[in-house]
2 protein chains.
Amino acid sequence: MSHLSSLNTYFETKREEHLEELKQFLRIPSISALSDHKEDMKTAAEWLAESMKSVGLENVSIDETKGHPVVYADWMHAEGKPTLLIYGHYDVQPVDPLNLWESEPFNPQVRDNKLFARGASDDKGQVYMHVKAVEALLQTEGKLPVNVKFCIEGEEEIGSPNLPEYVEANTEKLAADIIVISDTGMQGPGKPAVCYGLRGLTGVQIEVKGAKGDLHSGLYGGSVQNAIHALVAVLDSFRDEEGTIQVEGFYDNVRAVTDEERAAYAALDFNEEALKEELGVNALFGEKGYTHLERTWVRPTLEINGVFGGFSGEGIKTVLPAEAGAKITCRLVPDQDPDEIVEKLKAHIEKHKPVGVTVEVTEFDKGKPFITPFDHPAIQAAGRSYEKVYNVPTAYVRGGGSIPIVAAFDEILGYPVVLMGFGLASENFHAPNEHFHLENFDQGLRVIGDYYHEIAQFTSQDLKK
Amino acid sequence: MSHLSSLNTYFETKREEHLEELKQFLRIPSISALSDHKEDMKTAAEWLAESMKSVGLENVSIDETKGHPVVYADWMHAEGKPTLLIYGHYDVQPVDPLNLWESEPFNPQVRDNKLFARGASDDKGQVYMHVKAVEALLQTEGKLPVNVKFCIEGEEEIGSPNLPEYVEANTEKLAADIIVISDTGMQGPGKPAVCYGLRGLTGVQIEVKGAKGDLHSGLYGGSVQNAIHALVAVLDSFRDEEGTIQVEGFYDNVRAVTDEERAAYAALDFNEEALKEELGVNALFGEKGYTHLERTWVRPTLEINGVFGGFSGEGIKTVLPAEAGAKITCRLVPDQDPDEIVEKLKAHIEKHKPVGVTVEVTEFDKGKPFITPFDHPAIQAAGRSYEKVYNVPTAYVRGGGSIPIVAAFDEILGYPVVLMGFGLASENFHAPNEHFHLENFDQGLRVIGDYYHEIAQFTSQDLKK
């Protein structure tokens with residue numbers, strides 16, 4: 001019997017038991033953001049540690065940090081085989097507004113083959129699947145085909161403030177060949193996806209100051225620089241009318257998208273017409289020569305996120321404003337460096353600054369872009385595992401957003417990261433009525449189990465980035 | 001004895017009496033904005049009417065409007081001579097914050113030859129001067145050299161909502177050759193000024209809308225038009241980098257400043273260095289080839305008064321904003337028409353509107369620019385009267401701001417308007433500790449008396465605009 005057949009039988013037999021056990025995990029209100037739930041965080045970490053022990057994981061520990069603890073476990077008996085580091089989180093988002101929940105957030109309910117509860121999809125459900133995949137392999141095969149380590153944190157929903165320090169302090173303990181994260185989504189129902197790249201982020205606040213104070217536009221208008229006019233001149237200089245960014249050297253280090261990648265994105269048959277309809281716009285807008293997916297996945301951006309200055313109340317106030325400001329952020333792609341980009345932004349602003357004003361620039365937090373090459377064996381292996389279970393081609397995607405902890409792992413440990421998600425965009429993460437489609441729970445368990453076998457075919461050397 | 005010598009003697013003799021009488025007027029808290037003071041408004045109108053009767057003015061009436069009444073009076077026995085319509089107001093601004101007044105606002109006090117009280121300068125003091133000039137001429141000469149009509153309203157400080165209707169309904173009663181208004185300021189201490197033009201006003205609010213709602217800049221950034229980017233493109237297109245307005249046809253009807261006017265402004269020796277110091281700017285900024293005074297008096301403007309959109313709180317929010325807006329106003333000069341300019345602004349916005357957004361434009365209230373030609377005899381006569389009394393050259397100035405009621409008079413009656421002000425910019429109109437420099441009370445009385453004689457030299461025909 002192939003390993004997938006054995007897993008199928010095992011998961012079918014155990015389905016009710018697993019679901020009841022997951023419900024126990026989901027009943028613990030482990031809201032990391034609220035100090036009232038500090039004890040619940042401990043309870044959730046302990047529950048997870050017990051669950052890990054019970055399936056046969058070893059060296060289980062609850063590692064203290066300055067915040068909520070990290071739960072660690074491993075199974076390291078596959079000599080000569082690669083090691084997977086599984087990252088996830090046991091904390092959840094707050095549940096307000098409570099009155100919009102159809103069933104209570106911490107009283108898990110199955111309706112229509114969906115499991116409703118806070119954390120069902122993000123991320124307790126997906127963490128639990130990895131634990132149960134280990135259980136299934138140990139039960140059906142007596143051992144794992146690879147070595148695994150679990151690093152499950154309790155602060156993802158508050159921005160992982162303590163995880164980078166923990167990882168840096170434990171590089172030996174966390175030593176592995178690849179990092180696997182199940183905290184993202186699929187392309188859609190029945191459409192599995194492997195995410196192999198994310199954009200980075202950098203940004204600045206621009207503050208323009210003219211006269212000492214706001215002036216009467218009658219007495220001074222036409223003769224004193226208006227801070228808003230000066231600001232819009234700077235802001236309008238950032239992009240041309242087709243959306244191409246005009247900051248000198250901005251595109252210098254952008255890694256070109258390969259023909260293979262473009263073909264993979266084109267195969268996704270993304271419906272731009274439907275997107276326009278959904279967003280209520282009469283046209284999409286962006287760099288010429290790129291599709292929507294390319295613009296949001298492989299091209300960097302510069303967006304004004306906010307602008308302010310002068311009078312914004314009702315009606316008219318004939319003021320000549322002395323101050324105005326804006327916030328801009330850039331999504332970065334490999335191999336742009338956030339620090340270099342900020343310097344280029346500053347040089348651009350300095351160059352385009354009109355007379356009669358001073359301009360102050362403040363930097364925001366930065367995040368590097370991340371990519372595991374499209375043709376990396378760990379990426380392609382994940383695609384194969386999905387295909388075997390879902391019986392459809394896997395989408396190889398990149399994300400337009402940034403997941404800071406992925407960039408941090410990439411930076412500190414330098415291992416290839418594989419984002420294998422089982423969530424769906426419609427599952428209300430961070431909102432009332434979060435749920436998890438149980439067909440992806442069922443199939444995801446098999447995908448993960450198969451993936452361990454797929455990775456077992458490679459040596460550590462094969463998996464080097 | 002010349003008429004000026006007689007006036008001197010008369011005003012010297014009567015000075016204490018006049019001052020005490022003015023204090024009575026100032027003791028009435030005629031705050032038009034506050035409904036609690038409705039009775040005080042009536043009292044002030046009646047006090048003024050009595051004062052007019054007592055000096056020999058005739059046909060004195062308190063004319064009801066939908067709001068506070070207008071006080072009318074005339075003296076029409078200078079057959080064949082021109083008629084002056086004197087406009088002013090007996091209402092005053094509110095007095096908050098009361099604790100910042102050194103003496104109570106309605107308990108007039110003289111300190112340092114300044115009369116402190118709400119309304120001392122704006123405008124009861126200046127209205128009272130016109131009444132006393134009539135008294136002095138009738139007492140010393142037995143008659144007036146010209147015909148005069150007084151139209152003193154009670155709603156100037158709340159925007160004269162009912163005066164246009166009153167003027168339109170009483171064009172016969174108010175028929176005159178010129179309008180004289182003493183409700184503006186001098187150039188500085190000892191520096192008299194005649195204001196012969198004011199700028200008009202028009203403006204629009206621009207609202208840009210992109211997608212149905214704000215979007216995640218990671219998921220959509222680079223592929224959907226950003227409402228703020230679209231807005232700044234429109235805003236930045238309004239002026240070139242030297243401040244010249246780029247709206248097609250904007251300058252078409254701008255009346256050129258004459259060499260005579262430029263010479264008059266240059267003679268004022270305006271200190272642009274001191275202005276920069278005062279405003280805290282390292283450079284003035286505006287149309288090339290024009291001085292500060294020209295830019296603010298004879299050239300039209302387009303200023304952004306406010307801008308808003310996206311996130312303006314502390315820190316970063318990586319939103320791709322769906323909406324953004326701005327308020328812009330234009331100061332207009334003769335012979336620009338506010339309605340035409342709004343149409344040109346709209347056409348400009350339509351032309352520069354980027355793809356992927358809709359733009360809505362809302363019009364603000366409009367006001368026409370006003371000018372009495374610089375070389376009009378009534379303007380030059382006012383200058384001569386000032387010079388005789390102050391013994392320095394009169395400044396012929398224009399104002400960068402707008403006084404809506406002046407434009408309304410200009411439009412409804414069409415007579416030349418002469419703005420002969422006796423206030424000083426430092427006198428805290430609309431603020432605590434309003435006061436009036438009594439040297440300008442003393443000298444102003446003589447200027448007005450002399451001005452009636454100056455105007456008497458002209459025929460009605462001479463004074464046509």
* Fully extended contour minus Cα-Cα distance, from A:Glu50 to A:Ile62, at 0.36 nm per residue -> 3.3 nm
* Between the label point of A:Glu387 and that of the same position in each other copy, find the distances and list them shortest first in nm, with every label point placed 7 Å from Cα along the Cα-to-C-beta direction. => 9.8
* Provide the solvent-accessible area of A:Leu34, counting protein heavy atoms only and rolling a 1.4 Å probe, rounded to the nearest 10 Å². => 70
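Taking 37 °C and 0.692 mPa s as the conditions, I'd like the Stokes-Einstein D for the stretch A:59-112 in µm²/s, using the Kirkwood hydrodynamic radius from alpha carbon pairs.
In µm²/s, the coefficient is 214.
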* To do: Report which residues of the stretch A:294-336 become buried by 50 Å² or more of accessible surface when going from the isolated chain to the complete set of protein chains (1.4 Å probe; DNA, RNA and ligands ignored).
  => A:Glu303, A:Ile304, A:Asn305, A:Val307, A:Ile316, A:Lys327, A:Arg331
* Asked: Convex hull over the Cα atoms of the stretch A:310-362, averaged projected area in nm²?
  -> 5.4
* To do: Would you grab the residues whose amide H sits under 5 Å from the one on A:Ile31? Only those 5+ places off in sequence or on another chain, please, with H modelled 1.01 Å from N.
  => A:Val92
* Asked: Sorted from shortest, what are the nm distances separating the label point of A:Gln461 from equivalent points in the other copies, each placed 7 Å from Cα along Cα to C-beta?
  -> 11.5
* **Pairwise Cα inverse-distance average, inverted: Kirkwood Rh of the stretch B:297-386 (Å)** => 16.9
* Asked: So between A:Asp339 and A:Lys14, what do we pick up on full extension, going 0.36 nm a residue minus the alpha carbon distance?
  -> 111.9 nm
* **Over the stretch B:254-344: Rg over Rh, Cα atoms, Kirkwood Rh** => 1.12
* Can you work out ³J(HN,Hα) from phi for every residue in the stretch A:323-337, in order, using Karplus 6.51 cos²θ - 1.76 cosθ + 1.60 and θ = phi - 60°, giving whole Hz and x for Gly and Pro? -> 9, 7, x, 8, 10, 10, 9, 10, 8, 10, 10, x, 10, 6, 10
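Of all the Cα-Cα pairs you can form in the stretch A:1-63, what percent are over 15 Å apart?
64
Explain nothing, just the number: relative contact order of chain A, from Cα pairs under 8 Å at least 6 residues apart, as a whole percent.
Here the relative contact order equals 25 percent.
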* Asked: What gaps in nm, shortest first, separate A:Glu314 from its twins in the other copies when you place the label 7 Å past Cα toward the beta carbon?
  -> 3.1
* Asked: Can you give the alpha-carbon Rg of the protein assembly as shown over 2.2 N^0.38 Å, where N counts its residues?
  -> 1.32
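Give the Kirkwood hydrodynamic radius (Å, one decimal) of the stretch A:214-298, defined as one over the mean of 1/r across all pairs of different Cα atoms.
In the stretch A:214-298 this quantity evaluates to 16.6 Å.
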* Asked: Per residue, what accessible area does chain B have, given a 1.4 Å probe and all protein chains present, in Å²?
  -> 38
* Asked: If you roll a 1.4 Å probe over the stretch A:371-428 with all protein chains in place, what percent of the accessible area is carbon or sulfur?
  -> 55
* To do: Take the Cα pairs of the stretch B:114-207, get the Kirkwood Rh, then feed it into Stokes-Einstein at 20 °C and 1.002 mPa s and tell me D in µm²/s.
  => 129
* Structure fact -> With only helices counted (DSSP H, runs n ≥ 4, each -39500 (n - 2.57)), the per-residue ellipticity at 222 nm for chain A, to the nearest 500, works out to -11000 deg cm²/dmol
* Overall dimensions of chain B by Cα: Rg and Dmax, Å -> 25.0, 89
* Percent carbon-and-sulfur accessible area, the stretch A:1-157, ignoring ligands, DNA and RNA, probe 1.4 Å -> 46
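Compute the convex hull volume of the Cα atoms of the stretch B:313-440, divide it by the residue count, and report the result per residue in Å³ as a whole number. Walk me through the intermediate numbers first.
Details: hull volume 25.9 nm³, N = 128.
Dividing the Cα hull volume of the stretch B:313-440 by its residue count gives 202 Å³.
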* Asked: Taking all pairs of different Cα atoms in the stretch B:255-299, averaging 1/r and flipping that mean, what Kirkwood radius in angstroms comes out?
  -> 11.4
* Provide the solvent-accessible area of A:His216, counting protein heavy atoms only and rolling a 1.4 Å probe, rounded to the nearest 10 Å². => 80
* Under Stokes-Einstein, with the Kirkwood radius over Cα pairs standing in for Rh, what whole-number D in µm²/s applies to the stretch A:1-151 at 37 °C and 0.692 mPa s? -> 200
* For the stretch A:351-416, just run the numbers: alpha carbon Rg, then divide by 2.2 N^0.38 Å, N being how many residues it has. => 1.85
* Decide, for the stretch A:365-465, between rounded, prolate and oblate: order the square roots of the alpha carbon gyration tensor eigenvalues as a ≥ b ≥ c, take rounded if a/c falls under 1.5, and otherwise choose prolate if a/b is larger than b/c, else oblate. => oblate
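The values are calculated or read from the model by the stated rules, or taken from the named source; none is laboratory data. Treat the numbers as computed from the prediction; the structure is a model and nothing was measured. Every residue, glycine among them, receives a Cβ derived from its backbone with ideal geometry; neighbour counts consider all protein chains shown. Just the protein is used for accessible areas: all its heavy atoms, side chains included, with ligands, DNA and RNA removed. Shrake-Rupley method; radii C 1.70, N 1.55, O 1.52, S 1.80 Å.
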